[in-house]
Amino acid sequence: MKAVIPAAGLGTRLLPMTKNSPKEMLPIVDKPAIQYVVEEAVNSGIDDIVIVTGRGKEVIENHFDVAYELEKVLEERNEEEKLNEIRRISQLADIFYVRQRLPLGLGHAVYMARKHVGNEYFALMLGDDIILARKPCIKQLMEIHEKYGASIIAVQKVERKDVSKYGIVDYEEVEKGVYRIVDIVEKPSRSEAPSNMAVMGRYILHPSIFSFIEKTKPGKNNEIQLTDALKLMLKEHEIYAYEFEGKRFDVGGKLDWLKINIEIALKRKEFEELRKFIKDEIL
Ligand code: UTP
């Protein structure tokens, strides 16, 4: 299966940081956010990845490419560990790039990958959503897809007060954690929301989604919304939602970006002192 990672958004929630730097390259401790997403795909057995980029996103391509000068310097200095890590990044997978010339919305970004994807189910992974899980989230979805042979969307329950930040699904349970989607709405108000089950940035999609995106008119924020295309698709195809195991961070927002940095750092032995620092000097 191929994976599509849209990374062409403007990232206005992270301004001023994102004025001239892509949010997907923000560090999560010592790796850029998008590397976590690429590694999730690779750890799920995906080795063909297309990243949708746009203006100012060239550093993403450079990050996954060979850094010849750097490798040479590290070699001369015998810094083997660093050298291996740098090389590993450029060998993670076959990564292809397509450009979204204007950031016209997530649906439009996904559409840019249609020629690369062809006529097969594909994994869609948002470049600014990081999911920490025992089994990679997209692998969990791939397993449910195997069982149901249909499109699958990752969901989790959110607090009612937060429904307007997400795509929200209306559903019927088919087995524990698996739901048949009845309706889907992009960022509804609290009173309009059919449930508190929210879409979380990981999907396995049938290639017919591209033809539904073509028929989708600009929606919320005047953008071509993937949710609106999924709503059209629902009329003709079964789509399932899967409540995955794992913790999701929307690193396109400042609070989740701070949280995931602390969470990952506190798990690493080299930052042991951080816990003490927070306890003694911050709290
Ligand atoms: P967001 O909803 O986070 O949008 O996109 P955004 O425009 O990047 O961010 P804000 O709201 O201005 O802060 C979800 C994912 O879809 C991609 C983003 O890069 C992100 O991975 N995206 C969004 C595109 O690739 N193109 C678009 O036109 C919009």
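The values are calculated or read from the model by the stated rules, or taken from the named source; none is laboratory data. This structure is a prediction, so every number in the text was calculated from the model and none was measured. Glycine gets a Cβ as well: all are built from the backbone with ideal geometry, and neighbour counts include every protein chain shown. Ligands, DNA and RNA are stripped out before the accessible areas are found, and what is left, the full protein with its side chains, is counted by its heavy atoms. Shrake-Rupley method; radii C 1.70, N 1.55, O 1.52, S 1.80 Å.
More than 16 Å from the ligand (Cβ to nearest atom) and either of a type in the set (V, I, T) or buried (at least 19 other Cβ atoms within 10 Å of the Cβ) (or both): is that true of V66 in this structure? Yes, satisfied. Within region 103-136, can you find the residues that are farther than 19 Å from Y240 by Cα, of a type outside the set (A, V, I, L, M), away from the ligand (no atom under 16 Å from the Cβ) and in contact with a strand residue (DSSP E or B) (Cβ under 9 Å, 6 or more places away or on another chain)? Scanning region 103-136 gives K115, G118.
The combined condition, being within 22 Å of G9 (Cβ to Cβ) and more than 13 Å from the chain's Cα centre (by Cα), is not fulfilled by N78. Within region 1-28, residues that are within 26 Å of H116 (Cβ to Cβ) reach partners that are within 7 Å of the ligand (Cβ to nearest atom) and among the polar types (S, T, N, Q) with beta carbons closer than 6 Å, at six or more positions or on different chains, in the pairs A8/Q100. Screening I184 with (1) under 24 Å from R134 (Cβ atoms); (2) within 21 Å of the chain's Cα centre (by Cα) gives one miss only, at (1). Out of all the residues in region 233-245, is one or more within 27 Å of V174 (Cβ to Cβ) and assigned to a helix (DSSP H, G or I)? The answer is yes, given that some residue of region 233-245 is within 27 Å of V174 (Cβ to Cβ) and assigned to a helix (DSSP H, G or I). Summed over region 51-67, residues that are in a helix (DSSP H, G or I) and touching a residue at least 12 places away in the same chain (Cβ under 8 Å) total 4. Filtering region 213-261 to residues that are within 18 Å of the chain's Cα centre (by Cα), closer than 26 Å to K147 by Cα and of a type in the set (V, I, T) leaves only T227. Inside region 257-280, residues that are within 16 Å of the ligand (Cβ to nearest atom) and more than 26 Å from M142 (Cα to Cα) make up a count of 2.
Scan region 43-50 and tell me whether some residue there is in contact (Cβ under 8 Å) with a residue 60 or more places away in the chain, part of a loop (DSSP other than H, G, I, E, B), near the ligand (Cβ under 10 Å from one of its atoms) and open to solvent by 70 Å² or more (accessible area, probe 1.4 Å). Looking for residues that are in contact (Cβ under 8 Å) with a residue 60 or more places away in the chain, part of a loop (DSSP other than H, G, I, E, B), near the ligand (Cβ under 10 Å from one of its atoms) and open to solvent by 70 Å² or more (accessible area, probe 1.4 Å), one finds none in region 43-50, hence no. At least 2 residues being open to solvent by 80 Å² or more (accessible area, probe 1.4 Å) and not polar (S, T, N, Q) is the threshold, and among the strands (runs of 3 or more DSSP E) wholly inside region 69-144 those reaching it are 94-99. Is there a residue being modelled with pLDDT of 95 or more, surrounded by fewer than 20 Cβ atoms within 10 Å (Cβ to Cβ) and either of a type in the set (F, W, Y) or farther than 22 Å from G105 by Cβ (or both) anywhere in region 220-233? Looking for residues that are modelled with pLDDT of 95 or more, surrounded by fewer than 20 Cβ atoms within 10 Å (Cβ to Cβ) and either of a type in the set (F, W, Y) or farther than 22 Å from G105 by Cβ (or both), one finds none in region 220-233, hence no. Can you find even one residue in region 200-207 that is touching a residue at least 60 places away in the same chain (Cβ under 8 Å), under 23 Å from K139 (Cβ atoms) and assigned to a helix (DSSP H, G or I)? Checked region 200-207: no residue is touching a residue at least 60 places away in the same chain (Cβ under 8 Å), under 23 Å from K139 (Cβ atoms) and assigned to a helix (DSSP H, G or I).
Of the set (1) within 20 Å of the chain's Cα centre (by Cα); (2) within 12 Å of Y242 (Cα to Cα); (3) open to solvent by 10 Å² or more (accessible area, probe 1.4 Å), all apply to A198 but (3).
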